[in-house]
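A.B. asks: First the structure, which I've put down as structure tokens, then a few questions once you've had a look.
The values are calculated or read from the model by the stated rules, or taken from the named source; none is laboratory data. Quick caveat, the model's predicted, so the values are computed rather than measured. Here the Cβ positions follow ideal geometry from the backbone for every residue, glycine too, while neighbour counts run over all protein chains shown. The accessibility values were calculated without ligands, DNA or RNA, using every heavy atom of the protein model including side chains. Shrake-Rupley method; radii C 1.70, N 1.55, O 1.52, S 1.80 Å.
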Amino acid sequence: MALGCRPVKVVASSAVSDRYDQIIVTAVTARVPAKVNLQLSVGPPRADGYHDLVTVFHALALFDEVTVAPAETDSVRVSGEGAASVPLGGDNLAARAVAALTDAVGPGCRDEPGLAIEIRKRIPVAAGLAGGSADAAAALVACNELWGTGLSQQELVEVAGRVGSDVAFALLGGTAIGLGRGEQVTPALVSGTYHWVLAFAAEELSTAAVYAACDRLRAAPAGDGAGHSQEPPAGSWAASELSTALMAALRSGDPAEVGPLLVNDLQPAAISLLPRLRQALAAGREHGALGAIVSGSGPTCAYLARDGAHARDLAVALTSAGVCRSVISVTGPAPGATVLSTAADQRR
Ligand code: C5P
């Protein structure tokens, strides 16, 4: 795809006799949400190693911020929650998103040879909340603004799909259905605001390792390893379908209808790698959570509360139970990646 630069980077100019002023954008900051999967149905492994999914993404009001600024050389700086685990080189997902956008629009859109990317993290790393994908989505919308590339959201979604499976959803936010490996996203109609409690684990889980564990559990003969008696089955190989019951519950806006319909095929795999997640989920249910699931590939556990007051009580109860590293309460759905602020210089 060669989309080219559309508008110029000058965001304002005024002719004053023979002189004119230009406002040049020098830095752009974007904010981007975490996600939980309300349904995560996983098909068999594909030839490319990925798995076809039927998923319902739901953005949570837990945000990272990413600032991009032209620079002499490329750099990535990370601060905040889990910063030490985030790669700073070309492996960084925000840096990969910038490279994918540059490929899409052509290097002529960039005046400076390099780009400084600064990531302020509140979304824990390798936690099943798509924090890395979120940072990639934020980098895409921030660079789209900085370089004046003027790509539409649909064009950014196409670039996002090449960076990672969850990046397209982080652009969209809200609640959305994801197909393919998750990168084909369609907004879903939902009502109401949902109150969630998130329990962060001390450990990290690699997404690839959890998918591999899911394949192993499904390939194992019944009762061999996968069958921890209280756990749901590890999921079937059959083609997955969108849960019409869940979609109807989400349209009703009633968390009591939504809670029992939450489903995650990766949950048994995440529990097989971190068995203490079973206690964390049970502790939430004991304190009245309407639904308790591992978020994505884990290890974060997500609990649906009746309302804000119940979420606060649940957060206190989970903290006292000592089943996790830390606990927060958040609402969903939240908006997708959004430009928060733009710094500019006036040049003559
Ligand atoms: O796309 P992303 O880089 O986020 O995926 C990380 C890893 O998770 C992949 O390398 C793959 O092992 C696994 N994955 C998968 N099927 C998906 C999404 C991710 O197997 N639909």
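A.B. asks: Which of the residues that make up region 176-203 are among the polar types (S, T, N, Q) and part of a strand (DSSP E or B)?
C.D. replies: So in region 176-203, the residues among the polar types (S, T, N, Q) come out as 184, 186, 191, 193.
Those that are among the polar types (S, T, N, Q) and part of a strand (DSSP E or B): GLN184, THR186.
A.B. asks: Please work out if GLY132 is small (Gly, Ala, Ser), open to solvent by 10 Å² or more (accessible area, probe 1.4 Å) and touching a Pro at 6+ places or on another chain (Cβ under 6 Å).
C.D. replies: Details: small (Gly, Ala, Ser): yes; open to solvent by 10 Å² or more (accessible area, probe 1.4 Å): yes; touching a Pro at 6+ places or on another chain (Cβ under 6 Å): no.
So GLY132 fails the test.
A.B. asks: Turning to a different aspect of this structure: Only one of LEU273, LEU266 is of a type in the set (A, V, I, L, M, F, W, C) and buried (at least 20 other Cβ atoms within 10 Å of the Cβ); which? Spell out how you get there, then give the answer.
C.D. replies: On the way: LEU273 fails: buried (at least 20 other Cβ atoms within 10 Å of the Cβ).
The conditions single out LEU266.
A.B. asks: Give the residues of region 157-168 that are more than 11 Å from the ligand (Cβ to nearest atom) and either in contact with a strand residue (DSSP E or B) (Cβ under 6 Å, 6 or more places away or on another chain) or open to solvent by less than 10 Å² (accessible area, probe 1.4 Å) (or both), sorted by residue number. Lay out the reasoning, then the answer.
C.D. replies: The first filter runs over region 157-168 and keeps only residues more than 11 Å from the ligand (Cβ to nearest atom), leaving 157-159.
Result: VAL159, single match.
A.B. asks: Run down ALA99, ALA104 and say which single residue is free of Cβ contacts under 8 Å to residues at least 24 places away in the same chain and surrounded by fewer than 24 Cβ atoms within 10 Å (Cβ to Cβ). Please lay out each step first, then the result.
C.D. replies: Working: ALA104 fails: free of Cβ contacts under 8 Å to residues at least 24 places away in the same chain.
Criteria check complete, one pass: ALA99.
A.B. asks: Those residues that are free of Cβ contacts under 8 Å to residues at least 60 places away in the same chain and not hydroxyl-bearing (Ser, Thr, Tyr), I need them from region 171-212; list them, please. Full working, then the answer.
C.D. replies: Residues of region 171-212 free of Cβ contacts under 8 Å to residues at least 60 places away in the same chain: 183-184, 186-187, 208, 212.
Hits for region 171-212 are GLU183, GLN184, PRO187, ALA208, ALA212.
A.B. asks: Also, quick follow-up: Looking at this structure, is GLY89 surrounded by fewer than 17 Cβ atoms within 10 Å (Cβ to Cβ), over 12 Å from the mean Cα position of the chain (by Cα) and either of a type in the set (S, T, N, Q) or in a helix (DSSP H, G or I) (or both)? Give the steps one after another, and end with the answer.
C.D. replies: Working: surrounded by fewer than 17 Cβ atoms within 10 Å (Cβ to Cβ): yes; over 12 Å from the mean Cα position of the chain (by Cα): yes; either of a type in the set (S, T, N, Q) or in a helix (DSSP H, G or I) (or both): no.
No; evaluated as a whole, the condition is false for this residue.
A.B. asks: Which condition from (1) open to solvent by less than 30 Å² (accessible area, probe 1.4 Å); (2) within 16 Å of the chain's Cα centre (by Cα); (3) within 30 Å of ALA311 (Cα to Cα); (4) within 11 Å of the ligand (Cβ to nearest atom) is the one that ALA137 breaks?
C.D. replies: (4)
A.B. asks: Suppose we keep only residues that are within 12 Å of the ligand (Cβ to nearest atom) and of a type in the set (Ser, Thr, Tyr) within region 44-78. Which one would you say is least open to solvent (accessible area, probe 1.4 Å)?
C.D. replies: For region 44-78, the residue satisfying everything is THR55.
A.B. asks: Of the residues ASP64, ASP52, ASP91, ASP135, which is at pLDDT below 95 and of a type in the set (Asp, Glu)?
C.D. replies: Working: ASP64 fails: at pLDDT below 95; ASP52 fails: at pLDDT below 95; ASP135 fails: at pLDDT below 95.
Exactly one of ASP64, ASP52, ASP91, ASP135 is at pLDDT below 95 and of a type in the set (Asp, Glu), namely ASP91.
A.B. asks: On the given criteria, is SER297 closer than 21 Å to LEU62 by Cβ, assigned to a strand (DSSP E or B) and not aliphatic (A, V, I, L, M)? Please lay out each step first, then the result.
C.D. replies: Working: closer than 21 Å to LEU62 by Cβ: yes; assigned to a strand (DSSP E or B): no; not aliphatic (A, V, I, L, M): yes.
The answer is no for SER297.
Residues are listed down the side, and each one gets a yes or a no for (1) within 10 Å of the chain's Cα centre (by Cα); (2) touching a residue at least 12 places away in the same chain (Cβ under 8 Å); (3) not in a helix (DSSP H, G or I):
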residue	(1), (2), (3)
ARG120	no, yes, yes
THR149	no, yes, yes
GLU155	no, yes, no
PHE169	yes, yes, no
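A.B. asks: Considering only region 243-260, state which residues are open to solvent by 10 Å² or more (accessible area, probe 1.4 Å) and hydrophobic (A, V, I, L, M, F, W, C). If you could, list the steps in order and put the result at the bottom.
C.D. replies: Step one: list which residues in region 243-260 are open to solvent by 10 Å² or more (accessible area, probe 1.4 Å), which gives 243-245, 247-248, 251-257, 260.
Hits for region 243-260 are ALA245, MET247, ALA248, ALA256.
A.B. asks: Working only within region 192-203, note down all residues that are surrounded by fewer than 16 Cβ atoms within 10 Å (Cβ to Cβ) and either under 11 Å from PRO124 (Cα atoms) or within 13 Å of the ligand (Cβ to nearest atom) (or both).
C.D. replies: Taking region 192-203 as the starting set, the residues that turn out to be surrounded by fewer than 16 Cβ atoms within 10 Å (Cβ to Cβ) are 192-193, 202-203.
Result: ALA202, GLU203.
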